[in-house]
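Notes to accompany the following structure.
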Amino acid sequence: MAKFHYRESPTEKQKTAFKKYLSEDEELVLVTGLSSAYLRNKFVIYLFFPGLLFFSIGLGLGWLLSLGKVWALSLGLIGLSLATILKTMHLHHSNRYLLTTRRIVIKKGLLSVKLTAALYDKITHLEVDQSFIDRLLLHHGTIIINTAGLNKGEINLSYVDYPLELKNLLERLINREREQFGLRGATLTEVEGEIIS
């Protein structure tokens, strides 16, 4: 039996945190974001910058304050760790994808927030872009959502875990919305590749 990775409902904490982005007639179905593999890769990159910068600052402060080699090294390692962890956490929390009963919402940013939303009845078709390495090793990819209403015509859910499963969940939500409003005849275009039922 296949394992599905998008079965969990949003937690009460997530429902409370994202309630302000929802209209009164919709409910939160799923909260996801950048894949764990992508975040791990960025963590390693952040070790070098800004991590090494803060390591150097910590060493310099230790030397200026005459703390000794061990304390200066400790201060540098604390600076490296904090900078890397905080930068990765910021990346994670500032890129969230919300699936509701009526639309998909992309939230970017923490303090200044940019929202992009697409109603399910405006989505014309979905595409999955996943390279060989992404599919076999990292298990992430990009879902391209083509819409009738946006001036660009498409929005992207970048670096999501198990994109085929998420695409299938999106299709079920879109079809449920269309059935509810009597638009069953307008079906989504099938995406080439494996379909997970």
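The values are calculated or read from the model by the stated rules, or taken from the named source; none is laboratory data. Computed from a prediction, not measured in an experiment: that's the story for all the values here. Reconstructed Cβ throughout: ideal geometry from the backbone, glycine too, with neighbour counts over all protein chains shown.
The table below lists the values:
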{"read-out": "Answer residue from region 110-146, given it is of a type in the set (G, A, S) and within 16 Å of S35 (Cα to Cα) and is modelled with the lowest pLDDT among those", "value": "S131"}
{"read-out": "From the options L98, L77, residue that is among the aliphatic types (A, V, I, L, M) and in contact with a Leu (Cβ under 8 Å, 6 or more places away or on another chain)", "value": "L98"}
{"read-out": "Filter pass, L82 being in the same structural domain as F55 (by TED's automatic domain parsing) and without any contact (Cβ under 8 Å) to a residue 24 or more places away in the chain", "value": "no"}
{"read-out": "Filtered residues of region 30-86 (kept if over 30 Å from L173 (Cβ atoms) and of a type in the set (V, I, T))", "value": "V44, I45, I57, V70, I78, T84, I85"}
